Amino acid sequence: MSRSRLAAGAAAALLAAACSSGRRASPTAPPTPSATPAVPATATPTPTAGSSPAATEPARGAGPACRRATRAEPGASEGMLTTPAGLKRRYLLYLPSAYDGRQPVPLVLNLHGYGGTPELQQLYSGLGLVAEEQGFAVAALEGQGRPLHYNVRPTRSAGEESDVRVAGALVEHLAGTLCLDEDRVYAAGMSNGAALAVTAACYDSDRYAAVAAVAALVYDRSCDRGRPVPIVVFRGTGDPIVPYGGGRVRCCGGPVVNDTKADITGWARHNGCAARPRTTTKGVVVTTHYTGCAGGADVVLHTVQSGGHTWPGAIAVPGLGNSTGKDELDASAEIWRFFADHPRRR
């Protein structure tokens, strides 16, 4: 399905943020921002070759062939995961048409926002379109509770299973059933899903080669125990849900978040990066790039001036602020560029 068809379908719907929970985050635990844009609840898009919104570098160094063939039908499918607590959780999987069960492919977890679904996240982000062109797998994990959300704490909390552990279990499940390149396992998320991706980089750092956070960022000093993990972040200074400068999130129980610059500096310190970052500007996008990091664990922040609570390059969502055109910043294409440059280093 083309991006223009996706945009046309989404534009026909009433779009709003789902922000109705009264839950509050523990002040000592990482916060759990925030809402996901509501787009039409259609099936996961089935990309076609050549339909990616922007050309990206192909995956490199996929490694030797799998020892045993692990065939699976390319395209979109649905699966059920048994979690560490013995519960059932749904996920959507997209395998590119090039998947043959013998040559290992990278895996990207695609994590939805508060109140979202795997279908909405696949549709809104368009990561499946990039996956088809670049030859990687995408798995979108369904959250828990009502509205659907992720518990981003590293342990069970308020009767909810830790989604850090559930995400890890999904990776293990897929590694046991597919031919995956386990040195190219990544996590990307929107809002509450972004908080889960970066928290997984803290508490399950050996599993992920790199992570991406869109419309939210979390850094906690307890992350210091984990290994450096490359991270790319997308934030808007005009975000009406998760304030760029820090403060109370305007939904989802109202947790308090840090200033984005403080959190990105925390990640840069954690990853052992040089103190003085390089900054570039393209239109409304200011990119802060920390280099010289331990093990090549780069830290990159794309700040969209006056940008909202959106996935840059995706369709605009009324009520959630400004986004960008793909020519200025296409988050999905940029995320894969970053991931392709950062396999796991042993």
Val152 vs. criteria surrounded by 18 or more Cβ atoms within 10 Å (Cβ to Cβ), aliphatic (A, V, I, L, M) and at pLDDT below 95 = yes
In this structure, is Arg235 of a type in the set (Lys, Arg), under 19 Å from the mean Cα position of the chain (by Cα), under 22 Å from Tyr124 (Cβ atoms) and at pLDDT 95 or above?
-> yes
Does Gly272 count as surrounded by fewer than 18 Cβ atoms within 10 Å (Cβ to Cβ), touching a Pro at 6+ places or on another chain (Cβ under 7 Å), at positive phi and not charged (D, E, K, R)?
-> yes
Restrict the check to region 288-301 and report whether at least one residue is assigned to a loop (DSSP other than H, G, I, E, B), without any contact (Cβ under 8 Å) to a residue 12 or more places away in the chain and among the small types (Gly, Ala, Ser).
-> no
How many of the residues in region 108-147 are within 14 Å of the chain's Cα centre (by Cα), assigned to a loop (DSSP other than H, G, I, E, B) and crowded, with 24+ Cβ neighbours inside 10 Å?
-> 5
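Residue by residue, here is whether (1) at pLDDT 95 or above; (2) within 22 Å of Asn151 (Cβ to Cβ); (3) surrounded by fewer than 21 Cβ atoms within 10 Å (Cβ to Cβ) holds:
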position: Tyr219; (1), (2), (3): no, yes, no
position: Pro240; (1), (2), (3): yes, no, yes
position: Cys252; (1), (2), (3): no, yes, no
position: Thr260; (1), (2), (3): yes, no, no
Out of (1) without any contact (Cβ under 8 Å) to a residue 40 or more places away in the chain; (2) over 28 Å from Ser77 (Cβ atoms), the odd one out for Gly168 is which?
-> (2)
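Might you let me know whether region 310-320 holds any residue that is assigned to a loop (DSSP other than H, G, I, E, B) and touching a His at 6+ places or on another chain (Cβ under 6 Å)?
yes
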Check on Ile231, in contact with a Phe, Trp or Tyr (Cβ under 7 Å, 6 or more places away or on another chain) and open to solvent by less than 20 Å² (accessible area, probe 1.4 Å) = yes
Out of (1) modelled with pLDDT under 95; (2) open to solvent by 10 Å² or more (accessible area, probe 1.4 Å); (3) over 21 Å from Ala297 (Cα atoms), the one Glu182 does not meet is (3)
Picked from region 285-294 (must be open to solvent by 10 Å² or more (accessible area, probe 1.4 Å) and under 22 Å from the mean Cα position of the chain (by Cα)), the residue modelled with the lowest pLDDT is Thr291
Contacts under 8 angstrom Cβ, first residue in region 177-192 being on the phi > 0 side of the Ramachandran plot, partner β-branched (Val, Ile, Thr) and open to solvent by 10 Å² or more (accessible area, probe 1.4 Å), 6 or more apart = Ser191/Ile241
Open to solvent by 30 Å² or more (accessible area, probe 1.4 Å), touching a residue at least 40 places away in the same chain (Cβ under 8 Å) and under 18 Å from the mean Cα position of the chain (by Cα): does that describe Ile315?
-> yes
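The values are calculated or read from the model by the stated rules, or taken from the named source; none is laboratory data. Just so it is clear, the structure is predicted and the values come from calculations on it, not from any experiment. Neighbour counts are summed over all protein chains in view; Cβ atoms, including those assigned to glycine, are modelled from backbone coordinates with ideal geometry. Protein only, heavy atoms only, side chains kept; ligands, DNA and RNA dropped before computing areas. Shrake-Rupley method; radii C 1.70, N 1.55, O 1.52, S 1.80 Å.
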